[in-house]
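So the structure is just underneath, and the comments pick up after that.
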Amino acid sequence: MAVTRTEIETQVLAALAFASEQEVSAVDLGADFDSLGLDSVGRVELLARVEDSFETHVPPDDAIHLGCGQDVVRYLARRLA
Amino acid sequence: MTPPSLVSLGLELCSPVEELYFGAAAARGARTLHLYSDDPRAEPVPLSYDQLLIRARGAAASLRVKPGQPYLVLVTSELESIAAILGGMLLGALPIPCAPPAGLGGFAGWRARLEETASALDAQLVVVPSGLASLVEGPGLPPIQLASGLALEGPGVPGVEAGLSHLQLTSGSTAAPKGVRIRHANLEANLFHIGWRSGVQADDVVVSWLPLFHDMGLVGCLLFALYWNLDLALLPPTAFLSRPKRWLDVIDRHRGSLSPAPAFAFPYLASRLRKTDLSGLDLSSWRVAYCGAEPIHAASIERFVEVLRPAKFAPGTILPCYGLAEATLAVSFSPVGRGVKTVGLSRAALTEHRVVRSTDPQDTTEVVLLGPLLPEVQVELRDPQGLLTGPDQVGQIALRGPTITPGYQGSAPFAGDGPFPWLATGDLGAWVDGELVVLGRSKDLIIAFGKNHSPVEFERAAESVSGIRPGSTAAFAVPDRASGTEGAVLCCEVRAEESDWSRGAIACLVREGATSRTGVRPHDVRLLEPGSIPRTTSGKVQRAKTRELYLANRLTGAPS
């Protein structure tokens, strides 16, 4: 079943808020992961959370190029459309 | 003498290197490697060690390097990567296991580190899983060979003497990547004594999620299991980091008995477990959980033990140990079954490099005993002038013995006379009740999540931010008891003309830049007025002195 872009944004925001220990309302999808203070372990956890949310696998050679929440949303929208 | 053969497949071992890693399998019947993937639903792929030898021979026959040549291997926990490392060893070439990308983002920093490594160690080739080939194309890296293109079998390379085995990447106090030159003789000595001191038994099972580009994963798990011919279950590191409970599930499933981890992993796992996760889990087979690679905080380990107790995790399972890549892996081991033992030492006395027991809560730091030395390892504790320290004094730890490696690739060998050189570890230690304790470092190094980072990496990231005074930054480690690892602190002098408003933005940029470059989020970024950071008479930043002032809260500048 196709997932809407809004649903993707909501889930990615929630995952980012959890990983960066912020309120959802405070998370900027356009902010890169560095500015959210995510270290290398945090980025692995975030990826797993996103994969679990959408029951999908993001290959590492794709994942390494996704530098902010918006990148993740665009990628998933393309994959899950 | 007829070499031992792997009877089931009619293979005869054809070199001293093959005998070292497959001799036990040949003598006693090959055990099995169980390879797990990131997918939690996927079943592991089993492969016996005689079949692994065939794959490694295939890799040796098809690797496009010559004996003695260094080459990079982007190591995943897939069979192709393992064959690419072992194949190089059988050939007499020098594999350099490197970290693959993990998690979201970070391509530029990862690629830059790989290029620096290739250049510093003169790598002639990069062996890469086919899915990652696009990440290593282009200038700055040597030619690519796909791991999936390595031959599945080969004739074996006869007569390869047990010389250099591989280069172990490590970060020293400088930014340039260093490759520790590990000899097979170093490995043989260390692997034997680790097993002997662990009371290794034929039915022991090793379980590991540790990366194979880390010495604890490559030497302590893969080569250890091969040398002793023990079953081995391997999980990708990302499988543990993203779903930590899988470590326990695999131990339960395989009745794992030996499973090591860096100190951070124990509180990391404990903090992510729910009570229901332990339902039905039986960890009673786990008899040794080696714990090292970074400073050990007793309280976080005790919490782990308490959390796992309902799953029949025995309190004595944790085995604190001390080691470093320059000594192949292990230097000292606590006794099996004892668990974590601490001693209270006077903080005041330690600042004067003296070891005095203390029970005064205001003046006591709990220090974990790291056990007696492994056999054949010699330790000397020395003062800054190189003279031996007296009893009950803290000194720099120097090591000598058959496990001490010859030095770094491209650098002068470790100094010393006699058959073995002395290695100055840069760690500060002392003897307590006949056991080694590590009390800090005289070298500048930040160890976070089991990985060594040079402070220079943090400082360069800070100095690339406009507003930070060049050559006026100091990065150092402080204990971070919450995470069970170390935190990096960055102290930076700001140009005097910067306003309060711009200072806030500068601190954010420093934090972002350092996280991006190192993968470690600074614990604190402190912006200081010009002239605040202590320097030597020649103008060099004194990191240790800056750290001392920071911990005493005597640095002027608000935390960001």
With DNA, RNA and ligands ignored, accessible area of B:Leu555 (1.4 Å probe; Å², nearest 10): 20 Å²
For the range B:96-110, residues shielded by at least 30 square angstrom of accessible area compared with the chain on its own, probe 1.4 Å: B:Pro101, B:Gly103, B:Leu104, B:Gly105, B:Phe107
For the range A:5-80: relative contact order, % (alpha-carbon pairs under 8 angstrom, 6 or more apart): 43 percent
For the range B:74-83, 3J(HN,Hα) per residue [Karplus equation, 6.51 cos²θ - 1.76 cosθ + 1.60, θ = phi - 60°, Hz, x = Gly/Pro]: 6, 8, 9, 8, 8, 4, 4, 5, 5, 5
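Got the relative contact order for the range B:45-193 handy, in percent, Cα pairs under 8 Å and 6 or more residues apart?
On the way: 281 pairs, mean separation 41.9, N = 149.
Here the relative contact order equals 28 percent.
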Acute angle (nearest 10 degrees) that the helix B:107-120 long axis makes with the longest principal axis of chain B, alpha-carbon atoms: 70 degrees
Per-residue HN-Hα couplings for the range A:70-81 [Karplus 6.51, -1.76, 1.60; θ = phi - 60°; Hz; x = Gly/Pro]: 4, 4, 5, 4, 4, 4, 5, 4, 5, 5, 9, 5
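From Cα pairs below 8 angstrom and at least 6 apart in sequence, can you work out the relative contact order of chain B, rounded to a whole percent? The partial results should precede the final answer.
Working: 1282 pairs, mean separation 58.4, N = 560.
Relative CO of chain B lands at 10 percent.
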Surface per residue (accessible, 1.4 Å probe) for the range B:341-441, Å²: 49 Å²
Accessible area that becomes buried as B packs against A, both chains, 1.4 Å probe, Å², nearest 100: 2200 Å²
Separation between Cα centres of the range A:13-58 and the range B:253-273, rounded to whole Å: 24 Å
Size of the range A:5-80 as Cα extents on the principal axes (Å, biggest first): 27, 26, 19
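Give the residue list of GluC sites (Glu not before Pro) in the range B:467-531 that are DSSP loop and have at most 11 other beta-carbon atoms within 10 angstrom. Please report the intermediate quantities before stating the final value.
On the way: sites: B:Glu486, B:Glu493, B:Glu497, B:Glu498, B:Glu512; in loops: B:Glu497, B:Glu498.
Here the sparse-neighbourhood loop sites are B:Glu497.
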Ordering of B:421-433, B:219-231, B:314-326 by burial proxy (mean other Cβ atoms within 10 Å per residue, highest first): B:219-231, B:314-326, B:421-433
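Local charge sum around B:Gly429 (other residues, Cβ-Cβ under 14 Å, Lys/Arg +1, Asp/Glu -1)?
Numbers: positive: B:Arg354, B:Arg382, B:Arg441, B:Lys443; negative: B:Glu380, B:Asp383, B:Asp392, B:Asp427, B:Asp433, B:Glu435.
Cβ neighbours under 14 Å give a net charge of -2.
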Degrees, to the nearest 10: B:298-308 long Cα axis against longest axis of chain B: 50 degrees
Cβ neighbours within 10 Å from other chains - mean over B:227-240: 1
0 to 90° range, to nearest 10: angle between helix A:40-54 axis and chain A longest Cα axis: 30 degrees
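Assign unit charges at the C-beta atoms only (+1 for Lys and Arg, -1 for Asp and Glu), then state the dipole size of the range B:339-432 relative to its Cα centre in Debye, rounded to the nearest 20.
Values: 6 positive and 10 negative charges, 21 e Å.
Dipole of the range B:339-432, to the nearest 20 debye: 100 debye.
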Estimated translational D of the protein assembly as shown in µm²/s (Stokes, Kirkwood radius over Cα pairs; 4 °C; 1.567 mPa s): 51 µm²/s
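Return the percentage of antiparallel bridges among DSSP beta bridges fully within the protein assembly as shown, rounded to the nearest 5 %.
Details: 58 of 87 bridges.
If we restrict to bridges inside the protein assembly as shown, about 65 percent are antiparallel.
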Computed accessible area, B:Arg357, all protein chains, 1.4 angstrom probe, square angstrom: 140 Å²
Inter-chain shielding of A:45-53 (mean C-beta neighbours from other protein chains, 10 Å cut-off): 4
Within 10 Å of each Cβ in A:57-68, the average number of Cβ atoms from other chains: 6
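Report the charge-dipole magnitude of the range B:148-212 in Debye, nearest 20, computed about the Cα centre from +1 at each Lys and Arg Cβ and -1 at each Asp and Glu Cβ.
Working: 4 positive and 5 negative charges, 80 e Å.
It works out to roughly 380 debye.
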B:Val520 long-range amide H proximity, modeled H, under 5 Å: A:Ser40
Charge sum, other residues only, whose C-beta stays under 14 Å from B:Leu141's C-beta, Lys/Arg counted +1 and Asp/Glu -1: -2
Dipole in debye (nearest 20) - the protein assembly as shown, about Cα centre, beta carbon charges: Lys, Arg +1; Asp, Glu -1: 440 debye
log₁₀ of I(q)/I(0) at q = 0.24 Å⁻¹ - the range B:341-441, Debye sum with one point per alpha carbon: -1.28
By average C-beta atoms within 10 angstrom, highest first, the peptides B:200-207, B:299-306, A:50-57: B:200-207, B:299-306, A:50-57
Pairwise Lys count, chain B - Cα closer than 17 Å, eight or more residues apart or different chains: 8
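So what's the net charge close to B:Pro40: Lys and Arg +1, Asp and Glu -1, counting the other residues with Cβ under 10 Å from its Cβ? Display every interim value, and only then the final one.
Numbers: positive: B:Arg41, B:Arg243, B:Lys245, B:Arg246; negative: A:Asp52, B:Asp38, B:Asp39, B:Asp249.
The answer is 0.
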Solvent-accessible surface (1.4 angstrom probe) belonging to B:Ser148, in square angstrom, nearest 10: 70 Å²
Cβ crowding within 10 Å averaged over residues, with B:358-364, B:81-87 ranked highest first: B:81-87, B:358-364
Percent of C-alpha pairs per 10 Å bin, the range B:446-551, short to long: 16, 50, 30, 4
For B:Arg441, residues with placed amide H under 5 Å, excluding near neighbours: B:Leu428
Listed residues B:Ala474, B:Thr518, B:Ile318: farthest to the positive end of the dipole of the protein assembly as shown (Cβ charges): B:Ile318
Amide hydrogen neighbours beyond the local backbone of B:Leu374, cut-off 5 Å, H modeled: B:Ser332, B:Phe333
³J(HN,Hα) computed for each position of the range A:22-36 - Karplus, 6.51 cos²θ - 1.76 cosθ + 1.60, integer Hz, glycine/proline x: 10, 5, 4, 5, 8, 8, 9, 4, x, 6, 6, 4, 4, 5, 7
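The values are calculated or read from the model by the stated rules, or taken from the named source; none is laboratory data. Predicted model, so just to flag it, every value in this text is computed and none were measured. In this analysis, Cβ positions are derived from the backbone assuming ideal geometry, glycine residues included, and neighbour counts consider all displayed protein chains. Calculation scope for accessible area: heavy atoms of the full protein, side chains included, ligands and nucleic acids excluded. Shrake-Rupley method; radii C 1.70, N 1.55, O 1.52, S 1.80 Å.
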